[in-house]
Amino acid sequence: MALPSVVVLPLLIVVAAGVYYIYNEVIHFMSQSIVRNKVVVITDAVSGLGTECAHLFHKGGARLILCGNTWDKLESLYDQLTNDSDPSQTFAPKLVIVDFSDMDSMEDVVSEVVDCYGCVDVLISNSSMKLKAPVQSVSLEMDRNIMDMNYFGPSTLAKGIIPTMISRRSGHIVLVNSIQGRLAVPFRSSYAASKHAVQAFFDCLRAEVKEYGIEVSTISHTFINASEPPPEEGPAPKTNAVAAFIRSQLVHGVSPSVLANEIIQTVNRKRKEVVLAHPIPRVALYLRSLFPSFLFAVLAAGAKDSVLNEQMQ
């Protein structure tokens with residue numbers, strides 16, 4: 001007996017949703033199994049994203065090297081991972097203090113990381129320092145600090161680990177970057193400059209190490225939101241409608257858990273580039289290439305509105 005036509009569409013939707021769910025579960029399982037016994041370095045393991053990655057990779061049986069600039073937080077994360085896991089199925093993480101603001105220490109950091117297991121299979125570079133301010137108010141010292149954290153630190157660590165990957169003819173480097181490595185918005189000049197620089201470095205690196213069987217991936221997201229932003233109090237300031245909408249979309253971020261899952265799937269599928277963004281930021285990327293004058297006008301209008309709003313407050 002044929003099904004009524006009114007039932008067919010809902011049934012197809014349910015079946016499609018079920019297939020998609022099963023597909024994601026299979027991919028997630030494969031992603032975890034692919035990292036078993038792999039040496040995985042997480043450069044900022046004590047951040048929200050780093051912690052999520054640590055739990056995912058640890059559960060998958062990876063040999064973790066957790067990096068951070070605070071020993072107490074690293075030990076706390078270590079306790080979380082070891083207390084909630086089966087020691088017969090997982091490895092106890094190794095801890096390394098890494099402070100990208102102290103570039104003089106990087107040679108020792110590289111040696112300590114490599115000495116943990118003698119090699120590195122996956123390097124997840126997720127350290128970042130943010131800043132929002134007008135260009136004229138940012139000091140040269142602050143510019144340098146941001147470049148150390150967002151560019152010189154990740155690039156120096158990658159340079160130190162690359163020789164071990166070349167000798168083994170395998171390895172995977174994942175840069176967790178910002179969409180502002182491709183699209184600059186007002187009041188984030190230093191941050192966007194550092195993200196553009198590190199994006200270019202890893203793009204060049206990808207081509208240079210391909211012949212050695214080394215993969216380089218970049219993941220560009222908007223912002224990492226650990227929680228929903230609080231509602232604004234009082235009436236919203238009057239702004240240019242188009243600029244305000246685009247600006248709101250650009251700062252609509254992703255959760256650490258979603259980004260961590262994307263990272264482990266990127267390692268599994270060996271993707272070269274991933275953009276985690278809503279439609280408006282994606283459109284803005286195309287506008288930057290195809291209609292730059294229009295995008296510049298919109299961003300300038302948004303910057304002008306922001307300045308006026310601050311002056312009125």
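The values are calculated or read from the model by the stated rules, or taken from the named source; none is laboratory data. Just so we're clear, the structure is a prediction, and the values are computed from it rather than from any experiment. Please note that ligands, DNA and RNA were not included when accessible areas were found on the heavy atoms of the full protein model with its side chains. Shrake-Rupley method; radii C 1.70, N 1.55, O 1.52, S 1.80 Å.
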In whole Å, what is the distance between the alpha-carbon centres of the stretch 90-134 and the stretch 35-81?
-> 11 Å
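Which shape class, rounded, prolate or oblate, goes with the stretch 186-225 when its Cα gyration tensor gives a ≥ b ≥ c as root eigenvalues, a/c under 1.5 marks rounded, and past that a/b bigger than b/c marks prolate? If you can, show how the numbers build up before the last one.
Working: a/c = 5.59, a/b = 2.06, b/c = 2.72.
Oblate is the answer for the stretch 186-225, as a/c is 1.5 or above yet b/c matches or exceeds a/b.
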Normalising by the residue count of the stretch 84-172, find the relative contact order in percent from Cα pairs under 8 Å and 6+ residues apart.
-> 40 percent
Long-range amide H contacts for residue 218: which residues qualify at under 5 Å (H placed 1.01 Å from N, peptide plane, sequence gap of 5 or more or a different chain)?
-> 175, 273, 274
Amide H within-cut-off set for residue 254, under 5 Å, with H built and near neighbours excluded | 222, 223, 224, 225
Out of residues 5 or more away from residue 172 or on other chains, whose amide H comes under 5 Å of its own, with H placed 1.01 Å from N in the peptide plane?
-> 122, 123, 215
Leaving ligands, DNA and RNA out of it, work out the accessible area of residue 271 with a 1.4 Å probe and give it in Å² to the nearest 10.
-> 70 Å²
So what does residue 296 come to for accessible area, using a 1.4 Å probe and Å² rounded to 10?
-> 100 Å²
For the stretch 95-110, Karplus-derived ³J(HN,Hα) couplings (6.51, -1.76, 1.60; θ = phi - 60°; whole Hz; x for glycine and proline) come out as 10, 9, 6, 10, 10, 5, 6, 10, 5, 5, 8, 5, 4, 5, 5, 4
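Rounded, prolate or oblate: pick one for the stretch 127-169, where a ≥ b ≥ c are the square roots of the eigenvalues of its C-alpha gyration tensor, a/c under 1.5 means rounded, and failing that, prolate if a/b is larger than b/c, else oblate.
Numbers: a/c = 5.76, a/b = 3.78, b/c = 1.52.
Because a/c hits 1.5 or more and a/b exceeds b/c, the stretch 127-169 counts as prolate.
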